[in-house]
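Single-structure report; data block below.
The values are calculated or read from the model by the stated rules, or taken from the named source; none is laboratory data. Fair warning: this is a prediction, and the values are worked out from it, not measured in the lab. Cβ placement follows ideal geometry from the backbone for every residue including glycine, while neighbour counts extend to all protein chains displayed.
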Amino acid sequence: MTTQDLIEKIGLKPLSKFEHRKVNGVFVSDMLSDVMASAKSGNLWLTVQTHKSIVPAANLVDVSAILITGGKEVPQETVDLASKYSIAILSTELPTFELVGKLYGLGLGSK
Amino acid sequence: MSECQHQWEMTNIQFGFVVFEKCFHCNGLRTYFSVEDTPILGDKYREGDCFWSRVENAQSFRFNLQCTKCNHLEKLDDLMGLLHCTGCLPDCEVEILRKKYEAERTWILVAFGFLPQAKTRPIPAYKLDILTDYFNQRRDASRSRIKIVPFNLIEDLSLCRGDFIHDVGMLSLEPPKGRKPLF
Amino acid sequence: MRGAKRRSNLDVQRLLRPDFIGARNDNIKTFTSFELVYLDSKSKATIVEIKMIRDALEASVIEGEDRLDAMVEQVYASDLMSDVLAFGRPNSILLTGLATQQAVISAHMAEFKGVVFIRGKKPKDGSEKFARDNHLVLLSTELDMYDACLRIDSAKRRMYPETKTSSVGQKTEEMLLSHEFSIQGNDFTNAGMVSTEVKSILKKIGLDPKLIRRVAISTYEGEMNVVMHAQRAKVNLWVTPKLIEVTIEDEGKGIPDVELAMQEGFTTATEEMRAMGFGSGMGLPNIKKNSDELEIKSEVGKGTILQMRFFI
């Protein structure tokens with residue numbers, strides 16, 4: 001499953017400029033400390049955090065994409081920083097809880 | 001140290017707060033890690049000539065690194081947090097490094113120790129190398145890499161507008177606005 | 001509560017009216033212990049008891065052991081409290097990694113029913129007291145956020161296998177309640193306890209007494225079969241506005257010939273059991289007579305699953 005597949009299958013909106021890559025598992029948290037401690041390389045990171053520091057956090061752990069849930073608006077500053085580092089920021093109207101069900105349905109586990 | 005090619009993993013992970021305190025008398029900054037109850041912002045107390053006030057709590061965590069092969073443990077309790085350089089000062093050494101490594105798809109992060117002790121006793125360079133190794137082992141290093149640099153490269157902390165990678169304002173009941181500069 | 005308007009018994013028909021928004025438990029003794037909310041068909045909400053969430057997450061109860069039968073409509077997964085306040089809906093439950101009193105306060109202000117702390121986190125401060133004073137349930141689970149959401153979602157789906165629980169604009173069967181019981185085989189002292197409880201639960205939501213009687217009898221017969229012929233069983237009671245379903249899944253010797261077992265008078269009860277007054281051979285036929293739909297799946301040496309459905 002790649003970021004491209006996910007975008008098409010679930011109907012996610014890409015916000016930043018990035019390269020598509022393979023998605024390995026899902027990580028859900030709004031706390032950067034959680035991400036640093038437990039997220040894995042290639043994870044799809046679900047969050048409602050939109051402050052630009054999600055970009056270096058995502059970079060540090062090498063997630064495949066950041067998915068902002070619940071239709072939260074992402075500040076341009078964050079999008080620009082993400083594009084600069086070629087990190088995917090995707091957006092969805094669905095809230096986190098519902099999204100998890102869909103992702104699991106597509107075969108994405110948490111690891 | 002052995003000849004082991006260390007393979008690192010995080011251990012002794014502890015979640016808590018990094019507390020930032022400022023003295024309005026000498027403008028000094030103090031930071032420490034707390035696992036206790038949510039420290040109260042604005043809490044003031046006096047210590048000698050200094051009048052400390054808590055200005056920020058950041059949800060954060062601390063950890064040690066252990067080699068999965070030889071069990072060697074490297075303690076990192078002097079690591080306060082990692083800062084992402086936002087390029088606010090073009091001739092800051094960190095910004096210069098950042099630009100240089102960016103071309104090689106290597107992202108620079110600045111390791112901060114706890115103040116004030118880290119000013120005189122910075123985190124040893126070998127520990128930063130270990131931290132760098134750890135993060136590179138944790139990713140597909142062929143795509144991009146991480147390099148951790150010391151914070152004493154920043155000439156004037158009070159001018160730094162970098163972003164710490166920790167959680168600020170999680171408990172705020174107001175929607176998050178911009179972060180106020182810490183230094 | 002002094003001065004509160006006394007309400008009549010809840011009835012399911014009144015609940016089904018599209019304009020019926022909610023019934024709250026005001027601690028009036030004549031009231032039921034459930035909080036039932038009916039939403040319009042555009043809503044995606046489905047209702048579950050906190051107890052079900054606790055079981056699905058294998059969570060420990062930090063506070064609110066006596067409030068696990070509270071119902072929640074929505075699961076809100078977030079660590080950002082301003083979001084919780086801005087977008088959270090009343091009667092939800094919060095899943096969060098932020099183990100502080102502020103998280104509990106935020107949940108309370110958003111009129112949530114409780115908070116589940118994930119990754120084994122537990123608040124160290126005055127959260128317990130605050131939760132107790134404000135009637136909130138606090139749970140803690142070792143699971144991470146993703147697995148926690150998944151477990152709750154699967155548990156919900158198991159409850160209604162044919163309906164989609166997360167489509168906008170699609171009418172979903174609103175689960176009014178779900179309960180799980182266990183029966184110990186050969187335990188003649190407690191035989192009948194489960195069906196008695198089922199009866200009292202159904203009475204509380206004000207269903208037709210004749211219907212309750214049919215459910216109670218069927219459940220009783222099923223229970224007795226377990227006590228007489230199986231090692232143990234799990235009983236599930238599910239109620240939606242249109243349907244009551246009782247499923248008894250046992251571990252036991254199974255039924256070699258279901259058709260034979262359905263014949264009145266046929267029994268495999270021992271002399272001892274018959275001396276106690278059981279085993280007249282009317283069990284399964286009785287269930288069939290009292291239920292609207294009956295499905296029996298059995299495997300010799302493994303056990304039997306009895307699925308009984310009653311239309312409201």
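Of all the listed residues (C:GLU142, C:GLU73), the sole one being within 14 Å of chain A (Cβ to nearest Cβ), in contact (Cβ under 8 Å) with a residue 24 or more places away in the chain and more than 23 Å from A:ASP34 (Cβ to Cβ) is C:GLU73. Scanning region C:177-195 for residues that are hydrophobic (A, V, I, L, M, F, W, C) and assigned to a loop (DSSP other than H, G, I, E, B) returns C:PHE188, C:ALA191.
Do we find that C:PHE188 is without any contact (Cβ under 8 Å) to a residue 24 or more places away in the chain and of a type in the set (Phe, Trp, Tyr) in this structure? Criteria not met by C:PHE188.
Within region B:109-131, residues that are within 23 Å of B:THR86 (Cα to Cα) have Cβ atoms under 9 Å from residues that are among the aromatic types (Phe, Trp, Tyr) and not in a strand (DSSP E or B) in these pairs: B:LEU109/B:PHE135; B:VAL110/B:PHE151; B:ALA111/B:PHE151; B:PHE112/B:PHE151; B:GLY113/B:PHE151; B:ALA118/B:PHE151; B:PRO122/B:PHE151; B:ILE123/B:PHE151, counting only partners at least 6 apart in sequence or on another chain. Just one of the numbered conditions (1) modelled with pLDDT of 90 or more; (2) within 14 Å of chain A (Cβ to nearest Cβ) is not true of C:THR46: (1). Filtered by the rule that a residue be more than 14 Å from A:LEU44 (Cα to Cα) and touching a helix residue (DSSP H, G or I) at 6+ places or on another chain (Cβ under 7 Å), region A:73-93 gives A:THR78, A:LEU81, A:ALA82, A:TYR85.
For region A:81-93, check the following and say yes or no: at least one residue is within 12 Å of chain C (Cβ to nearest Cβ), over 14 Å from B:ARG139 (Cβ atoms) and among the polar types (S, T, N, Q). Within region A:81-93 (the criterion being within 12 Å of chain C (Cβ to nearest Cβ), over 14 Å from B:ARG139 (Cβ atoms) and among the polar types (S, T, N, Q)), the answer is no, since none of the residues qualifies. Taken together, the residues in region C:76-96 that are crowded, with 24+ Cβ neighbours inside 10 Å and farther than 16 Å from A:THR47 by Cβ amount to 1. List the pairs whose first member sits in region C:51-66 and is over 14 Å from C:ARG119 (Cα atoms), whose second member is part of a helix (DSSP H, G or I) and among the basic types (Lys, Arg), and whose Cβ atoms are under 7 Å apart, counting only residues at least 6 apart or on separate chains? Short answer, once both residue conditions are applied: C:ALA56/C:ARG151; C:VAL61/C:ARG54; C:GLU63/C:ARG132. Checking C:LEU150, C:LEU207, C:LEU211, C:LEU139 one by one, the residue that is crowded, with 18+ Cβ neighbours inside 10 Å, at pLDDT 90 or above and not charged (D, E, K, R) is C:LEU139 and no other.
Consider region A:22-44 and keep the residues that are hydrophobic (A, V, I, L, M, F, W, C) and at the interface with another protein chain (Cβ under 8 Å from one of its Cβ atoms). The one that is surrounded by the fewest Cβ atoms within 10 Å (Cβ to Cβ) is A:ALA37.
Using the structure shown, decide if C:GLU245 is surrounded by 13 or more Cβ atoms within 10 Å (Cβ to Cβ) and at pLDDT 85 or above. Don't jump to the end; show me each part of the working.
Numbers: surrounded by 13 or more Cβ atoms within 10 Å (Cβ to Cβ): yes; at pLDDT 85 or above: yes.
Yes.
Does any residue of region A:45-68 turn out to be of a type in the set (Gly, Ala, Ser), within 14 Å of chain C (Cβ to nearest Cβ) and out of contact with any His (no Cβ under 9 Å at 6 or more places or on another chain)? Scanning region A:45-68, I find no residue that is of a type in the set (Gly, Ala, Ser), within 14 Å of chain C (Cβ to nearest Cβ) and out of contact with any His (no Cβ under 9 Å at 6 or more places or on another chain), so the answer is no. Being more than 10 Å from every other protein chain (Cβ to nearest Cβ), in a helix (DSSP H, G or I) and among the small types (Gly, Ala, Ser) is a property that C:ALA131 has.
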